[in-house]
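Worksheet: one structure, shown below.
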Amino acid sequence: MALVKSTLRNRPVARYIAPMGGMDDFFQQFENMLQPFAPRGEAGYFPTPFPLDLYESGDDVVLEMAVPGLKPEQLDISLEGRQLSIRGTVPEVEEGDGEGGGRRYWSRGIVRGEFQRTVTIPAGVDPEKITARVDQGLLVLTMPKAVEAKARRIAVQAQ
């Protein structure tokens, strides 16, 4: 589920009703001015470059994370308790003047360098049976539920 920052700007009807509608533009301009100075990945300024889904499917908990262009050897996955951490590196590219070497950017939106995403997985996952694979830019972790975590039907007996 993606979280979207709600502002008057993305609610067009409220923009005309709100008494401080002009202030919304002021705050948006102020935020745009501060954006270049914010650390990479700071919540509220940059969307996460590696979105993920965590869901339950039958007897498994599945995590799918977009990792476009990354190879399995560029990823490091670890589990400590219920904290699943995924680390990786998107290779840096040499900048230059565009002539004779390097790149001269007109627009830059790809976040490069090291990244880490940590997510709390549901209780009852068997850590010894977790598998991971990368398929066409999608990291898929399949985490089977432990036997004691699976739903069981309990028969009710009459006395």
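Of everything in the range 59-108, what is surrounded by fewer than 14 Cβ atoms within 10 Å (Cβ to Cβ), under 16 Å from the mean Cα position of the chain (by Cα) and over 13 Å from ALA132 (Cβ atoms)? Give them in sequence order. Of everything in the range 59-108, those that are surrounded by fewer than 14 Cβ atoms within 10 Å (Cβ to Cβ), under 16 Å from the mean Cα position of the chain (by Cα) and over 13 Å from ALA132 (Cβ atoms) turn out to be PRO68, GLY69, GLN83, THR89. Considering the range 109-146, and only residues there that are among the acidic types (Asp, Glu) and under 17 Å from GLY69 (Cα atoms), the residue that is surrounded by the most Cβ atoms within 10 Å (Cβ to Cβ) turns out to be GLU114.
Checking each residue in the range 147-159 for being part of a loop (DSSP other than H, G, I, E, B) and surrounded by 10 or more Cβ atoms within 10 Å (Cβ to Cβ) picks out only LYS150.
Every number here is computed from the coordinates shown, using simple stated rules; none is lab data. This one's a predicted model, so the numbers in the text were calculated from it and none came from an experiment. Counting neighbours? That spans all protein chains shown, and the Cβs are built from the backbone with ideal geometry, glycine included.
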